[in-house]
Amino acid sequence: DASLKEAAPVGNPSPLAQGSTPERISETNVQVQGFDEPDIVKTDGKEIYFSLESYYWRGGVVPMMAPIMPPEYQSQTKLIRAFPPSDLKEDAKIDKAGNLLLSKGMLLIFSGQEVTGFNVENPAKPEQKWEMKLESNVSLVASRLYNGKVYLVTQSYINESHPCPIEILKVGDTPLSIVCRDIYHPVSPIPADATFTILVLDPQSGRVENNTSFVGSTSGSIVYMSSQGIYVSYTYYEDTTK
């Protein structure tokens, strides 16, 4: 959960009581210091962004004798003014839900095969700025926010009859494809059934600033990110008789 990390010292005026923004706020699900990970709740210290996916019955409680009707699906992200507590209210809703990242007034919503960027500098009027769509054979493995940039790791199954170029995604109408010569592979033969692509994304515009691709295994490759780099493991079998 996103929460306040520090409370005001006893005897001093509370900054929340004065209507100011808390000096420090925690990130969510952080495994590596300095990296923020997507989650269904984010906060900038004043606004809370909460993503909700649920089923509900229109009109509330269903009477016992009423015909059984299927529940309706609700997918939305709520923007809630939370600080100061006296001003608590819902500012706006976005009709899209998923894991969230927040960077300098831009809210990113990861929803299925899509990543959408909303300008939320005015929380009462969120404005969609860009949308990224992954191709149907591409899945998102990991995503992180670090130093104002979003890092995405995708994987796509290798098509043995037509391995490349690989269509990865589109930002608006601009596609990104990977040609054969830009896909790295180990010198030693390895069991490979997927191509992994690392993307550096500008959260303000959705533009892909850099990318690199390499082969790996959907079952044997592990992704790890640190401030020094992004690491993806692979497995190979060595002849122990040599």
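Within the range 112-123, residues that are on the phi < 0 side of the Ramachandran plot sit with their Cβ atoms under 8 Å from residues that are surrounded by 15 or more Cβ atoms within 10 Å (Cβ to Cβ) and of a type in the set (S, T, Y), at 6+ positions apart or across chains, in these pairs: V120/Y49. Restricting attention to the range 228-242, does a residue exist that is assigned to a loop (DSSP other than H, G, I, E, B) and modelled with pLDDT of 90 or more? Checked the range 228-242: no residue is assigned to a loop (DSSP other than H, G, I, E, B) and modelled with pLDDT of 90 or more.
Mind listing just one residue for me: the one in the range 151-172 that is open to solvent by 20 Å² or more (accessible area, probe 1.4 Å) and touching a residue at least 40 places away in the same chain (Cβ under 8 Å) and, of those, farthest from V215 (Cα to Cα)? Steps first, please.
At the first step, the residues of the range 151-172 found to be open to solvent by 20 Å² or more (accessible area, probe 1.4 Å) are 151, 155, 157-165, 167, 170-172.
Checking the rest, the ones that are also touching a residue at least 40 places away in the same chain (Cβ under 8 Å) come to 151, 155, 157-158, 171-172.
Working: Y151: 18, Q155: 9, Y157: 10, I158: 9, V171: 24, G172: 27 Å.
The qualifying residue farthest from V215 (Cα to Cα) is G172.
In the range 197-206, what residues are of a type in the set (S, T, Y) and open to solvent by less than 20 Å² (accessible area, probe 1.4 Å)?
Within the range 197-206, the subset of a type in the set (S, T, Y) is 197, 205.
T197, the sole residue that qualifies.
I'd like to check something: does the range 191-209 contain any residue that is in contact with a Lys or Arg (Cβ under 8 Å, 6 or more places away or on another chain) and farther than 24 Å from Y224 by Cα? Break it down into steps so the answer makes sense when it comes.
Residues of the range 191-209 that are in contact with a Lys or Arg (Cβ under 8 Å, 6 or more places away or on another chain), as a first pass: 200-206, 209.
Next cut, farther than 24 Å from Y224 by Cα only: 204-205.
Yes, some residue in the range 191-209 is in contact with a Lys or Arg (Cβ under 8 Å, 6 or more places away or on another chain) and farther than 24 Å from Y224 by Cα.
For the range 173-193, a residue qualifies if it is surrounded by 13 or more Cβ atoms within 10 Å (Cβ to Cβ), not in a strand (DSSP E or B) and not charged (D, E, K, R), and the qualifying residues are H185, I190, P191, A192. Of the strands (runs of 3 or more DSSP E) contained entirely in the range 85-150, those carrying at least 3 residues that are modelled with pLDDT of 95 or more, under 27 Å from S177 (Cβ atoms) and open to solvent by 60 Å² or more (accessible area, probe 1.4 Å) fall at 127-134. What about E209, is it over 23 Å from L100 (Cα atoms) and open to solvent by 60 Å² or more (accessible area, probe 1.4 Å)? Criteria not met by E209.
The values are calculated or read from the model by the stated rules, or taken from the named source; none is laboratory data. Since this is a predicted model, take the numbers as computed values, not measurements. Counting neighbours? That spans all protein chains shown, and the Cβs are built from the backbone with ideal geometry, glycine included. Note: accessible area is taken over every heavy atom of the protein model, side chains too, but ligands, DNA and RNA are not part of it. Shrake-Rupley method; radii C 1.70, N 1.55, O 1.52, S 1.80 Å.
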